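The values are calculated or read from the model by the stated rules, or taken from the named source; none is laboratory data. Remember, it's a predicted structure, so these values are computed and weren't measured experimentally. Cβ coordinates were reconstructed from backbone atoms using ideal geometry, including for glycine residues, and neighbour counts include every protein chain displayed. The area values use the complete protein model at the heavy-atom level, side chains included, leaving out ligands, DNA and RNA. Shrake-Rupley method; radii C 1.70, N 1.55, O 1.52, S 1.80 Å.
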Amino acid sequence: MNTVVALSPGVAEAVQELEGFSSEGVGLEPDGSGGAYVTIPIELGPSWSAGAAPLTFHLPFNYPAASPYPYYLPGNLNLADPWPPALQRIQWRNQNVIQVSLRHNNWDPHRDRVLGCILQVKEWLQR
Amino acid sequence: MSALRISGKDYAALNRHLFRPDRDEYGAVILAGRSDVRELPTFLAREVHLLDETEFTAGEYGYRQIAPHVLAKLGNRAAEQKLSLFTCHSHPTATDRNRLSVPDLEAHERVFPHLLDIVDGGAVGGITFGLESAAGEIWAPDAEPQALSHVDIVGASSDQLFPDPRHDVETDLRFDRQARMFGAEGQAKLRNSTIAVIGAGGGGSMVIEQLAHLGVGRLLAVDYDVVKTHNLSRVMGATPEDATHGRKKVDVARDLVSRIDPTIDFQGIDGDLADGPVAQRVASADFIFLCTDTITSRLVANAIVHAHFIPMIQIGAKVDLLNKGAIESIYVAVRPVFPGRGCLACAGLIDPTALQREAATDEERQAQNYLNLPEVIDPSVVTLNGVAASVATNLMLMNIVGLADDEYLDHRLFDAQTGNWLSLKVQSDLGCRWCGSNDKSAFGLGSSAWLPVRIGEPDPPAPVASSRFARWLPWRRKRPSR
């Protein structure tokens, strides 16, 4: 059965940009209102227990007017001390995850895109 | 029949260009989007091109003509932008009566079939403006030419231009005293208006009550909430029984309006402006009051104003508290948002982080509050709502009956502790995606504009992914087996 996926234009454009960025493709789960939960593989730094992991985030139907935040890593990952305050272990969508609380404080919906945020998060996670 | 809407700012420039002391004829071209949610299909003037003497020249057949290269250039632009094209010129001696002349109609016969080919999908039309009148016709692909009904000018003082003056109307005795201020014609304009009120709580219910007393013809109230005990200090018409039974706020508003004037066509929508069908209904109104406190509804309403040229006033009251509960400031905000003016996004009043927070689930919001900050319940006081509602409703009244000045469109803040008013002018950011002058802006695109609303989704939504990525999907193990 074919599934018709309804995404808002802003979210569809963002997914297209992310697909161009990720050689391994992009996971996409529509949220039912025009937004989507997006997962993209990301390389991690040497302090992490794995070299790479899926990074998941929600793009709401009104993205890019709404800024993307926060990001989630699988809960089975570990990090050598010290555990930074921007990371919290929580339950999200019935799964154990690590919430990455990195916010874009000066998000400009006319200029900024989620791809830029992902690059910043990636850089931070690779430290 | 169709209508044309134009922002007050653009009409002022067009009017200055078309009517000059030499009383000669001048020309312009309007490229327009189209709104199909109103009673009449309505074209929206997105671009107004004022033609100089090399572009509006001596005519080969009539007195003046638009140079063919100009029509070709602007026709191609209309095709690229999926817009319709209107040629415009002045009849400088026409005041409140106006007609397309025989040479005008003959020129349309010669030129419009070719122009329709160039515009490729959009309509073309010709409009002649008098000082207080407008007449025109519209050619759409595969349809007979139709007369233009009128031109709506959406400015501080809204106005309408018809081919002929409107007939005087009698005023119902109940409106006699107010009609002595703005006339029977003003009262008729109120009666012919559809006003949307988003939010029927403290501020919205007061606006609704005043609109009912003013005698507007149709009221569209939107609210998904029910009356609770703590609302009773502010919601007009709400009773303890309403709170006990959790009555819908729109039902309370309906009763309130019915008691004041049962002839008003009241339409209550138990829904959210951020849902597509609700937003479409609101875009069919003549004026919008935004009386909610969510940034999501602010974003949607702001988009409707600029995409569909519907004037709006956003109201709110805010009590800022210091850490220990002491009052820092108490103020009321009344913010007109009109097409052709700076929008709420340009004023920095649409916070991207707040939009993200409002889109999150309760569980997500709780997780994001990892610092365990206590939930803050904002104070809310009926007198503050009353100031905002009365000033805003008065502005709408001045706008509809044509008595407002441009200055009236400034944002206003009322300091409840000093009684002082502060005015703020908002500049439009040229790059703004809602009100800006750029190819990606929603300004005047009408029904083809993207509104930032929730869209329908097949049930149930299913995960999808490119196959090469499937191994990463955290939810994959939960998918049903085939």
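Worth pointing out:
- Accessible area per residue (1.4 Å probe, heavy atoms of protein chains only) ranks B:MET1, B:MET206 as B:MET1, B:MET206, with the largest value leading.
- The HN-Hα couplings worked out from phi for the stretch B:403-409 by the Karplus form 6.51 cos²θ - 1.76 cosθ + 1.60 (θ = phi - 60°) are 10, 8, 9, 4, 4, 4, 8 Hz, whole numbers, x standing for Gly and Pro.
- Whole-number percent relative contact order across the stretch A:3-126, with pairs defined as alpha carbons under 8 Å at least 6 apart: 21
- Residues of the stretch B:425-439 that bury at least 20 Å² of accessible area when the other protein chains are present, relative to the chain alone (probe 1.4 Å, heavy atoms, ligands and nucleic acids excluded): B:ARG433.
- The 3J(HN,Hα) values that the Karplus relation (6.51, -1.76, 1.60; θ = phi - 60°) gives for the stretch B:203-214 are, in residue order, x, x, 5, 6, 4, 4, 4, 5, 5, 5, 5, 5 Hz. Gly and Pro appear as x.
- Residues B:ILE327 and A:ALA80, FRET efficiency given R0 of 51 Å [Cβ-Cβ distance, rounded to 0.05]: 0.60
- Segment B:LEU422-B:ARG247, length gained on full extension (0.36 nm per residue, minus Cα span): 59.2 nm
- Take each residue of peptide A:8-14, count the partner chain Cβ atoms within 10 Å of its Cβ, and average: the result is 2.
- Rounded, prolate or oblate (a/c below 1.5 giving rounded, otherwise prolate when a/b exceeds b/c) for the protein assembly as shown by Cα gyration tensor: oblate
- With θ taken as phi - 60° and the Karplus curve 6.51 cos²θ - 1.76 cosθ + 1.60 applied, the whole-hertz 3J(HN,Hα) list for the stretch B:285-299 is 7, 9, 7, 10, 10, 9, 10, 10, 10, 9, 6, 4, 5, 4, 4 Hz, x standing for glycine and proline.
- Exposure check, 1.4 Å probe, all protein chains in place: B:THR239 carries approximately 50 Å² of accessible surface.
- Mean residue ellipticity at 222 nm, helices only, chain B: -9500 deg cm²/dmol; runs of at least 4 DSSP H residues each add -39,500 (n - 2.57), and the sum is divided by the number of residues.
- The long axis of helix A:9-21 is offset from the longest Cα principal axis of chain A by roughly 50 degrees.
- Accessible area per residue, Å², the protein assembly as shown with all protein chains present, probe 1.4 Å: 46
- Radius of gyration and Dmax over the Cα atoms of the stretch B:149-295, both given in Å: 16.6, 55
- Rounded to 10°, Cα long-axis angle of helix B:68-81 versus longest principal axis of chain B: 20
- Taking amide hydrogens as placed 1.01 Å from N in the peptide plane, the amide H of B:GLU137 sits under 5 Å from those of B:GLY126, B:LEU148, each at least 5 positions away in sequence or on another chain.
- Spatially, the stretch B:73-117 and the stretch B:356-435 are offset by 41 Å when compared through their Cα centroids.
- Residue mean of other protein chain beta carbons inside 10 Å, A:84-92: 2
- For chain B, share of DSSP beta bridges that run antiparallel, in % to the nearest 5: 60
- Amide hydrogen proximity for B:ALA317: with H placed 1.01 Å from N in the peptide plane, the residues at 5 or more positions away or on another chain lying under 5 Å are B:ALA333.
- Residue order for B:LYS248, B:LYS73 - accessible surface, 1.4 angstrom probe, largest first: B:LYS73, B:LYS248
- The local environment of B:ASP410, defined by Cβ-Cβ distances under 11 Å, has a net charge of +1 under the rule Lys, Arg +1 and Asp, Glu -1.
- Share, in percent, of DSSP beta bridges within the protein assembly as shown that are antiparallel, nearest 5: 70
- Residues in the stretch B:193-217 that a label on B:LEU232 would reach, taking backbone N under 19 Å of a point 7 Å out along Cα→Cβ: B:201-203, B:205-206
- With the charge dipole of chain B set up from +1 on Lys and Arg Cβ and -1 on Asp and Glu Cβ about the Cα centre, the Cα lying farthest toward the positive end among the listed residues B:PRO452, B:PRO336, B:PHE182 is that of B:PRO452.
- For the stretch B:14-62, chymotrypsin sites (Phe, Trp or Tyr not before Pro) are listed when DSSP marks them as loop and at most 13 other Cβ atoms sit within 10 Å of their Cβ; the list is B:TYR61.
- What the Cβ-Cβ distance of B:GLU170 and A:ALA12 gives, at R0 = 45 Å and to the nearest 0.05, is a FRET efficiency of 0.25.
- Helix A:114-125 vs. chain A, principal-axis angle (Cα, 0 to 90°, nearest 10): 10
- Heavy-atom accessible area, probed at 1.4 angstrom with all protein chains present, ranks B:TYR11, B:TYR63 as B:TYR63, B:TYR11, highest first.
- Distance (nanometres) between label positions extended 7 Å along Cα→Cβ at B:SER448 and A:ASN96: 5.4
- Residues with amide H under 5 Å from that of B:SER193, placed H, sequence gap 5 or more: B:GLY217, B:ARG218
- Residue-averaged beta-carbon neighbours from other chains (10 angstrom radius) around B:350-362: 6
- Under-24-angstrom lysine pairs by C-alpha in chain B, whenever the two are 8 or more apart or on separate chains: 12
- Antiparallel beta bridges, as assigned by DSSP with both residues in the stretch B:2-161, represent about 65 percent of the total such bridges.
- Using heavy atoms of the protein chains and a probe of 1.4 Å, the accessible area assigned to A:TYR37 is about 30 Å².
- Pairwise Cα inverse-distance average, inverted: Kirkwood Rh of chain B (Å): 24.6
- Extending 7 Å from Cα along the Cβ direction at B:ARG99 and again at B:LYS73 yields two label points whose distance is 3.5 nm.
- Cross-link partners for A:LYS122 among the aspartates and glutamates, with Cα-Cα distance under 13 Å and sequence neighbours closer than 8 places in the same chain left out: A:GLU43.
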